[in-house]
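The values are calculated or read from the model by the stated rules, or taken from the named source; none is laboratory data. The structure displayed is predicted, hence computed values, not measured ones. With ideal geometry, Cβ positions are generated from the backbone for all residues, glycine too; neighbour counts draw on all protein chains shown.
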Amino acid sequence: MGGVAQQLGGFPVTASDDTRSARDAAFAALVDRHACLMYRVAFSLLKHREDAEDAVQETFLKLYRTGGWQQMEDEKAFLTTSVWRAGLNRLASAGAKAMRHAEDVAEMQLASAELSPEASALGASNRELIAKLIGQLPQDLRQALELSAIEGMQSREVAAILSINEGTVRTRVLRGKTELRRRFLELNAAKGARR
């Protein structure tokens, strides 16, 4: 056999195989670092677990095939923008039917075990109401609010994903929170009046 080839388990391994293995290992590490964040971004847009998983897989597959992942400067911003766009494409191709409401924030099991059953039920009810109200916000306010407040992204990251400037992100988040607060108080006042 030639000078570059080695034997591994009875199969010849060439330098190109070693390079491919190193590339695959680097890509796997990239997936490990960012898959959860990308899923949260996709889920915040698509509101459906399987659709979000598909968007993440589609994004990683496209990046792997094109080799685009090897030229990234800011991994987090690039990947979240890519999965956001994949999600938007999924919504556009599937139309309004693709936008399903998830089981809301209640699935996140944010209720503390220390709360009484009554307080836990009240908290779950309020979380469900807030998640519903967020879903009813205008799309521009909802997207900025979900990415910033719920996903914990910085204004510059949200700006990159939504292709708007940082000031617009901060304005939309503030307007979204204000509108959310107004709607929440309005509904609670209406519930109190009925009692």
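The table that follows gives values for the structure above.
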| read-out | value |
| --- | --- |
| Test result for Lys76, over 17 Å from Leu145 (Cα atoms) and touching a residue at least 60 places away in the same chain (Cβ under 8 Å) | yes |
| Options Leu61, Leu79; residue that is under 19 Å from Asp32 (Cβ atoms), at pLDDT 85 or above and surrounded by 12 or more Cβ atoms within 10 Å (Cβ to Cβ) | Leu79 |
| Cβ pairs under 9 Å, 6+ apart, first in the range 174-187 and outside the structural domain of Gln143 (by TED's automatic domain parsing), second surrounded by 12 or more Cβ atoms within 10 Å (Cβ to Cβ) | none |
| Selection status of Val31, modelled with pLDDT of 90 or more and either under 21 Å from Ser148 (Cβ atoms) or not aliphatic (A, V, I, L, M) (or both) | no |
| Qualifying residues in the range 24-63 (those that are part of a helix (DSSP H, G or I) and of a type in the set (Lys, Arg)) - the one farthest from the chain's Cα centre (by Cα) | Lys62 |
